1. Only one of (1) under 27 Å from Asn171 (Cα atoms); (2) among the aliphatic types (A, V, I, L, M); (3) at pLDDT 95 or above fails for Ile294. Which number is that?
2. State which residue is nearest to the ligand (Cβ to nearest atom) when the search covers only segment 235-263 and only residues that are modelled with pLDDT of 70 or more and part of a strand (DSSP E or B).
3. Out of the residues in segment 304-320 meeting the condition of being crowded, with 21+ Cβ neighbours inside 10 Å and more than 11 Å from the ligand (Cβ to nearest atom), tell me which one is farthest from the chain's Cα centre (by Cα).
4. Being away from the ligand (no atom under 16 Å from the Cβ), in the same structural domain as Asp255 (by TED's automatic domain parsing) and either surrounded by fewer than 19 Cβ atoms within 10 Å (Cβ to Cβ) or over 22 Å from Asp212 (Cα atoms) (or both) narrows it down to one of Ile298, Ile286, so name that one.
5. Return the residues of segment 322-356 that are surrounded by fewer than 18 Cβ atoms within 10 Å (Cβ to Cβ), within 19 Å of Ala223 (Cβ to Cβ) and more than 14 Å from the ligand (Cβ to nearest atom); say none if nothing qualifies.
6. Examine segment 289-296 for a residue that is of a type in the set (A, V, I, L, M) and closer than 21 Å to Ala237 by Cα, and state whether such a residue exists.
7. Residues in segment 105-143 that are touching a residue at least 60 places away in the same chain (Cβ under 8 Å) and surrounded by 15 or more Cβ atoms within 10 Å (Cβ to Cβ): how many?
Amino acid sequence: MNERKGYQEYKKQSKKRKKRKLKRALLAIAMPFIMIFLILTMLFISMASVMPSVADSVVDDYKAAAELAGCTWQELLVYDTVRFDNDLEDVDPFLSAVDFLKLHYEKWIWVETDEGGYWQEVQSGDLATPSSICSWLTIPTESDIQAILDAGKRVSESGSSDVKWVIQFSNKDLEELIIKKEFDTDQIEWVDTLMTAGILDEMFGDLYDLPDYIDTTEGGYFAWPTPELHSVTSKFASVRIHPVLGIKRAHNGVDISGSNAMGSPVIAIEDGTVIYVNLSGGERGINIKVQHKIGDDIWISRYQHLSAVKVDVGDEVKRGTVIGGVGNTGIGTGPHLHIELTYNGVLIDPLPLIRE
Ligand SMILES: [Zn+2]
């Protein structure tokens, strides 16, 4: 009798043990999924708080305003998102875009001489704040980007046979702007997170499809920018630890170097127009932008940390034209070329598109 009871008790216990084992096994299988779910949820919540909370229609306004200002819509949207702490309800992108604007003016007068005459520049200047631009154009401060461009056009057209005005609008980089506006470290990190290639485009854009004439399997489309240098020392990356600054930053281009890099020629990767030459570009050092119009598309290649510049704004260049020399200006770890490429305003990885 006792023996039988003992056996039944043993069976019961072993059933319980089996149940416990099964529970543990199930938990062990489920645990990773639970962890992944929790991590994703946390990631989503933390991303949601940094992503701009605007409707698609508002993003269309950002795209239109950015086009007028000559910056990218991503820059404009990120600028507002961060400085207004994601409270964009009452923000007018056409007003914000003005912050990206720079104005250069020249006044020329006709000087009569016995041999006929010549044009002489009597005045020129650069304006980089919205208030200085508005007051120079004698329009109300707080005028939006369209009003400013219209006023600039009016001044250009106000010339006569003996007075000529030259008005040129250009734009600031987001980097330039956030330094001027004294963004703090947290804000700069937020800007970097959002400018990480693709994040905003995936959310609001459909610009990531490359056009048909680009076939990356063919080994690139554009020329390799440094005929004498062939090693890629740093690739395009959404986030990396900056080698000098030590903080997390996106690497929005490709670094190319090699032996005897200093002074090595840098060429235009495609036919185009030089639209920007900066001889004191801060972190980027001496840098140049070349615009390439291909069909309806606008590509811009940017070459940084140069030691020398061989072109001027407005110059037409051919694929292969030497535009400068590799250098170590700005913030860097040695002479190399940092090249960036935008396709219709979107920063993309240049590496698959440049042919060695
Ligand atoms: Zn770089």
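1. (3)
2. Going residue by residue through segment 235-263, those that are modelled with pLDDT of 70 or more are 235-237, 251-263.
Applying the additional criterion that residues be part of a strand (DSSP E or B) yields 237, 251, 254-257.
Numbers: Ala237: 10, His251: 6, Val254: 7, Asp255: 4, Ile256: 9, Ser257: 10 Å.
Only one residue fits best here, namely Asp255.
3. Narrowing segment 304-320 to residues crowded, with 21+ Cβ neighbours inside 10 Å: 304-306, 317.
Now drop any that are not more than 11 Å from the ligand (Cβ to nearest atom), which leaves 306, 317.
Working: Leu306: 19, Val317: 23 Å.
Among them, the one singled out is Val317.
4. Working: Ile286 fails: away from the ligand (no atom under 16 Å from the Cβ).
Selected residue: Ile298, the only one of Ile298, Ile286 that is away from the ligand (no atom under 16 Å from the Cβ), in the same structural domain as Asp255 (by TED's automatic domain parsing) and either surrounded by fewer than 19 Cβ atoms within 10 Å (Cβ to Cβ) or over 22 Å from Asp212 (Cα atoms) (or both).
5. Matches in segment 322-356: Val322, Pro352, Arg355, Glu356.
6. If we filter segment 289-296 for residues that are of a type in the set (A, V, I, L, M), which is where we start, we get 290, 294.
Next cut, closer than 21 Å to Ala237 by Cα only: none.
No; the residues of segment 289-296 include none that is of a type in the set (A, V, I, L, M) and closer than 21 Å to Ala237 by Cα.
7. Here is the first cut: in segment 105-143, the residues touching a residue at least 60 places away in the same chain (Cβ under 8 Å) are 105-106.
With the extra rule that they be surrounded by 15 or more Cβ atoms within 10 Å (Cβ to Cβ), the set shrinks to 105.
Qualifying residue count for the region: 1.
For every residue, the table says whether it meets (1) in the same structural domain as Ala223 (by TED's automatic domain parsing); (2) at pLDDT 95 or above; (3) in contact with a Gly (Cβ under 9 Å, 6 or more places away or on another chain); (4) closer than 13 Å to Ser264 by Cα.
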{"position": "Val311", "(1), (2), (3), (4)": "yes, yes, yes, no"}
{"position": "Asp315", "(1), (2), (3), (4)": "yes, yes, no, no"}
{"position": "Gly320", "(1), (2), (3), (4)": "yes, yes, no, no"}
{"position": "Thr333", "(1), (2), (3), (4)": "yes, no, no, no"}
{"position": "Leu341", "(1), (2), (3), (4)": "yes, no, yes, no"}
{"position": "Val346", "(1), (2), (3), (4)": "yes, no, yes, no"}
{"position": "Asp349", "(1), (2), (3), (4)": "yes, no, yes, no"}
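The values are calculated or read from the model by the stated rules, or taken from the named source; none is laboratory data. This one's a predicted model, so the numbers in the text were calculated from it and none came from an experiment. Backbone-built Cβ (ideal geometry, glycine too); neighbour counts: all protein chains shown.
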